[in-house]
Amino acid sequence: HNPVTQKERLRKLESLRWKLQQHRKKTRQIPRDDKQLASLNGYALAVLSAAVKDSKYYAEPADRIATYLKKLWKKSQLEKGLDDHGKSLGAGSMGDYAAVALGLLKWAEASGDKDSTKIGRELLSASWEKFYDVKGWQPLETSLLPNPIFQKHLQDSPEPSAETLLLQATALYLSTESNATLKQRLEFNLSRVTQGMLNDPFYYATLVAFA
(Lines give C-alpha, C1' and ligand atoms only; values in the text may rest on other atoms or scores of the structure.)
Protein backbone atom coordinates (compact mmCIF):
# COMPACT_ATOMS: atom_id res chain seq x y z
CA HIS A 1 0.00 0.00 0.00
CA ASN A 2 1.50 3.32 -1.10
CA PRO A 3 1.37 6.18 1.44
CA VAL A 4 -0.87 9.14 0.61
CA THR A 5 1.16 12.12 -0.57
CA GLN A 6 0.76 15.66 0.72
CA LYS A 7 -0.56 16.71 -2.69
CA GLU A 8 -3.26 14.02 -2.61
CA ARG A 9 -4.30 14.99 0.93
CA LEU A 10 -4.66 18.63 -0.10
CA ARG A 11 -6.67 17.64 -3.18
CA LYS A 12 -9.06 15.57 -1.05
CA LEU A 13 -9.44 18.38 1.48
CA GLU A 14 -10.24 20.83 -1.29
CA SER A 15 -12.86 18.43 -2.67
CA LEU A 16 -14.46 18.07 0.78
CA ARG A 17 -14.42 21.83 1.28
CA TRP A 18 -16.24 22.33 -2.04
CA LYS A 19 -18.87 19.71 -1.14
CA LEU A 20 -19.48 21.36 2.24
CA GLN A 21 -19.86 24.76 0.58
CA GLN A 22 -22.43 23.37 -1.85
CA HIS A 23 -24.35 21.74 1.00
CA ARG A 24 -24.33 24.98 2.99
CA LYS A 25 -25.70 26.94 0.04
CA LYS A 26 -28.64 24.53 -0.19
CA THR A 27 -29.43 24.29 3.52
CA ARG A 28 -28.39 27.56 5.16
CA GLN A 29 -31.45 29.58 6.20
CA ILE A 30 -29.88 32.49 8.08
CA PRO A 31 -28.05 35.38 6.37
CA ARG A 32 -24.36 34.80 5.85
CA ASP A 33 -21.96 37.01 7.85
CA ASP A 34 -19.62 38.48 5.25
CA LYS A 35 -17.75 40.93 7.48
CA GLN A 36 -14.00 40.81 6.94
CA LEU A 37 -12.57 41.47 10.41
CA ALA A 38 -8.98 42.60 10.85
CA SER A 39 -8.29 40.46 13.90
CA LEU A 40 -9.55 37.16 12.46
CA ASN A 41 -7.70 37.74 9.20
CA GLY A 42 -4.58 38.58 11.20
CA TYR A 43 -4.76 35.23 13.03
CA ALA A 44 -5.35 33.41 9.75
CA LEU A 45 -2.36 35.09 8.12
CA ALA A 46 -0.09 34.18 11.02
CA VAL A 47 -1.11 30.51 10.76
CA LEU A 48 -0.88 30.38 6.96
CA SER A 49 2.55 32.02 7.07
CA ALA A 50 3.80 29.23 9.32
CA ALA A 51 2.20 26.61 7.06
CA VAL A 52 3.95 28.01 3.97
CA LYS A 53 7.21 26.59 5.31
CA ASP A 54 5.78 23.09 4.79
CA SER A 55 3.71 23.66 1.66
CA LYS A 56 3.57 26.43 -0.95
CA TYR A 57 -0.13 25.57 -1.30
CA TYR A 58 -0.84 28.12 1.44
CA ALA A 59 1.12 30.99 -0.16
CA GLU A 60 -1.69 32.25 -2.39
CA PRO A 61 -4.37 32.59 0.34
CA ALA A 62 -1.77 34.10 2.68
CA ASP A 63 -0.77 36.70 0.09
CA ARG A 64 -4.44 37.51 -0.58
CA ILE A 65 -5.12 38.10 3.14
CA ALA A 66 -1.96 40.19 3.53
CA THR A 67 -3.02 42.39 0.62
CA TYR A 68 -6.41 42.95 2.25
CA LEU A 69 -4.94 43.73 5.68
CA LYS A 70 -2.47 46.27 4.31
CA LYS A 71 -5.38 48.21 2.82
CA LEU A 72 -6.93 48.60 6.30
CA TRP A 73 -3.92 50.65 7.49
CA LYS A 74 -4.72 54.24 6.48
CA LYS A 75 -3.27 57.50 7.79
CA SER A 76 -1.77 55.84 10.89
CA GLN A 77 -5.10 54.25 11.79
CA LEU A 78 -6.20 50.63 11.44
CA GLU A 79 -9.79 49.92 10.48
CA LYS A 80 -11.57 47.15 12.35
CA GLY A 81 -12.60 45.63 9.04
CA LEU A 82 -15.06 45.98 6.18
CA ASP A 83 -18.65 44.84 5.80
CA ASP A 84 -19.92 43.00 2.72
CA HIS A 85 -20.44 46.35 0.97
CA GLY A 86 -16.85 47.43 1.59
CA LYS A 87 -17.84 49.94 4.29
CA SER A 88 -15.51 50.47 7.26
CA LEU A 89 -16.54 48.94 10.59
CA GLY A 90 -14.77 51.69 12.52
CA ALA A 91 -11.48 52.08 14.34
CA GLY A 92 -9.54 49.00 15.34
CA SER A 93 -8.97 47.90 18.93
CA MET A 94 -5.74 46.65 20.47
CA GLY A 95 -6.71 43.12 19.44
CA ASP A 96 -7.00 44.19 15.81
CA TYR A 97 -3.66 46.03 15.83
CA ALA A 98 -1.83 43.18 17.55
CA ALA A 99 -3.26 40.41 15.36
CA VAL A 100 -2.58 42.27 12.11
CA ALA A 101 0.94 43.26 13.20
CA LEU A 102 1.76 39.65 14.07
CA GLY A 103 0.22 38.30 10.87
CA LEU A 104 2.05 40.74 8.60
CA LEU A 105 5.40 40.28 10.34
CA LYS A 106 5.08 36.50 10.08
CA TRP A 107 4.15 36.79 6.41
CA ALA A 108 7.10 39.12 5.81
CA GLU A 109 9.38 36.53 7.41
CA ALA A 110 7.95 33.73 5.26
CA SER A 111 7.72 35.61 1.95
CA GLY A 112 10.21 38.47 2.14
CA ASP A 113 7.43 40.95 1.31
CA LYS A 114 8.83 44.40 2.09
CA ASP A 115 5.45 46.12 2.36
CA SER A 116 4.36 43.63 5.01
CA THR A 117 7.58 44.29 6.92
CA LYS A 118 7.05 48.06 6.78
CA ILE A 119 3.36 48.07 7.72
CA GLY A 120 3.81 45.34 10.33
CA ARG A 121 6.47 47.41 12.07
CA GLU A 122 4.34 50.56 11.87
CA LEU A 123 1.43 48.69 13.45
CA LEU A 124 3.69 47.31 16.16
CA SER A 125 4.92 50.79 17.04
CA ALA A 126 1.38 52.22 16.96
CA SER A 127 0.11 49.41 19.20
CA TRP A 128 2.58 50.24 21.96
CA GLU A 129 1.90 53.96 21.60
CA LYS A 130 -1.90 53.74 21.62
CA PHE A 131 -2.61 50.93 24.10
CA TYR A 132 0.29 50.71 26.56
CA ASP A 133 1.22 52.63 29.67
CA VAL A 134 3.56 51.67 32.48
CA LYS A 135 0.37 51.20 34.54
CA GLY A 136 -0.88 48.53 32.13
CA TRP A 137 -2.93 47.98 28.99
CA GLN A 138 -5.90 49.89 27.63
CA PRO A 139 -7.64 47.65 25.04
CA LEU A 140 -9.42 50.59 23.35
CA GLU A 141 -7.71 53.74 22.15
CA THR A 142 -10.40 55.98 23.63
CA SER A 143 -12.19 55.44 26.94
CA LEU A 144 -15.78 56.32 27.80
CA LEU A 145 -14.63 57.07 31.34
CA PRO A 146 -12.84 60.31 32.32
CA ASN A 147 -10.08 58.28 34.00
CA PRO A 148 -9.00 55.29 31.86
CA ILE A 149 -8.73 51.92 33.57
CA PHE A 150 -5.48 50.09 32.83
CA GLN A 151 -5.12 46.32 33.17
CA LYS A 152 -1.77 44.78 34.09
CA HIS A 153 -2.61 41.72 31.98
CA LEU A 154 -5.36 40.98 29.46
CA GLN A 155 -7.35 37.75 29.64
CA ASP A 156 -7.96 35.37 26.79
CA SER A 157 -11.46 35.30 25.35
CA PRO A 158 -12.69 33.09 22.51
CA GLU A 159 -9.81 34.89 20.77
CA PRO A 160 -6.21 34.94 22.03
CA SER A 161 -5.27 37.75 24.40
CA ALA A 162 -4.36 40.96 22.57
CA GLU A 163 -1.46 41.33 24.99
CA THR A 164 -0.02 37.94 24.05
CA LEU A 165 -0.35 38.66 20.33
CA LEU A 166 1.44 42.00 20.71
CA LEU A 167 4.22 40.46 22.80
CA GLN A 168 4.65 37.71 20.19
CA ALA A 169 4.87 40.32 17.43
CA THR A 170 7.39 42.27 19.49
CA ALA A 171 9.54 39.18 20.06
CA LEU A 172 9.45 38.42 16.32
CA TYR A 173 10.57 41.96 15.54
CA LEU A 174 13.37 41.81 18.13
CA SER A 175 14.65 38.58 16.60
CA THR A 176 16.04 40.63 13.71
CA GLU A 177 16.22 44.21 15.04
CA SER A 178 17.66 45.90 18.12
CA ASN A 179 15.40 48.13 20.21
CA ALA A 180 16.27 48.59 23.88
CA THR A 181 12.89 50.12 24.80
CA LEU A 182 10.82 47.32 23.27
CA LYS A 183 13.13 44.69 24.75
CA GLN A 184 12.67 46.17 28.22
CA ARG A 185 8.89 46.35 27.79
CA LEU A 186 8.72 42.77 26.54
CA GLU A 187 10.75 41.41 29.45
CA PHE A 188 8.85 43.50 32.00
CA ASN A 189 5.40 42.34 30.88
CA LEU A 190 6.44 38.69 30.59
CA SER A 191 7.88 38.71 34.11
CA ARG A 192 5.02 40.59 35.83
CA VAL A 193 2.88 38.19 37.85
CA THR A 194 -0.47 39.32 39.25
CA GLN A 195 -2.81 37.81 41.80
CA GLY A 196 -5.41 37.38 39.08
CA MET A 197 -3.04 35.18 37.11
CA LEU A 198 -2.30 33.07 40.18
CA ASN A 199 -5.99 32.68 41.03
CA ASP A 200 -7.22 31.93 37.48
CA PRO A 201 -4.31 30.93 35.23
CA PHE A 202 -6.77 29.37 32.76
CA TYR A 203 -7.83 32.85 31.62
CA TYR A 204 -4.21 33.74 30.79
CA ALA A 205 -3.28 30.49 29.04
CA THR A 206 -1.77 32.05 25.89
CA LEU A 207 0.35 34.46 27.92
CA VAL A 208 1.58 31.72 30.28
CA ALA A 209 2.40 29.46 27.32
CA PHE A 210 4.30 32.22 25.53
CA ALA A 211 6.21 33.32 28.63
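The values are calculated or read from the model by the stated rules, or taken from the named source; none is laboratory data. Quantities reported herein were computed from a predicted structural model and do not represent experimental measurements. Virtual Cβ from ideal backbone geometry, glycine too; neighbours counted across all protein chains shown. When the accessible area is computed, the model is the full protein with side chains, heavy atoms only, and any ligands, DNA or RNA have been set aside. Shrake-Rupley method; radii C 1.70, N 1.55, O 1.52, S 1.80 Å.
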On full extension of the chain, what length is gained from V4 through E177, given 0.36 nm per residue of separation minus the C-alpha to C-alpha distance? 58.1 nm
Assuming a ≥ b ≥ c are the square roots of the Cα gyration tensor eigenvalues, decide whether the range 171-211 counts as rounded (a/c under 1.5), prolate (otherwise, with a/b larger than b/c) or oblate. oblate
State, to one decimal in nm, how far the label point of V47 lies from the label point of Q151, with both points 7 Å from Cα in the Cβ direction. 2.3
Mark the label point 7 Å from the Cα of E122 along Cα→Cβ and return the residues of the range 71-92 whose backbone N is within less than 14 Å of it. 71-79
Quick check: with the 1.4 Å probe, what order do L40, L165, L190 take by accessible area, largest first? L40, L190, L165
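Order these peptides, 71-79, 43-51, by their mean beta-carbon neighbour count within 10 angstrom, highest first.
Descending packing order for the listed peptides: 43-51, 71-79.
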Leaving ligands and nucleic acids out of the surface, order Y203, Y173 by accessible area at 1.4 Å, largest first. Y203, Y173
Loop-only check: which GluC sites (Glu not before Pro) in the range 136-196 are DSSP coil with at most 11 other Cβ within 10 angstrom? E177
Once the Cβ-Cβ distance between S111 and D200 is put in as r, and R0 is 41 Å, what FRET efficiency do you end up with, to the nearest 0.05? 0.60
Extension gain from S191 to F210, taking 0.36 nm per residue of separation minus the Cα-Cα distance: 5.7 nm
Please determine, in degrees from 0 to 90 and to the nearest 10, the orientation of helix 59-71 with respect to the longest principal axis defined by the Cα atoms of the chain, where the helix direction is its Cα long axis. 40
With +1 assigned to the C-beta of every Lys and Arg and -1 to the C-beta of every Asp and Glu, and no other charges, what is the dipole magnitude of the range 1-156 about the Cα centre in debye, to the nearest 20? 680
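Please compute the length gained on full extension between K12 and T27, using 0.36 nm multiplied by the number of residues separating them and subtracting their Cα-Cα distance.
3.1 nm
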On Cα atoms only, tilt of 94-111 relative to the major axis of the chain in degrees: 60
Ranked order, H23, H153 - accessible area, probe 1.4 Å, largest first: H23, H153
State, as an integer percentage, the relative contact order of the chain based on alpha-carbon contacts under 8 Å between residues 6 or more apart. 16
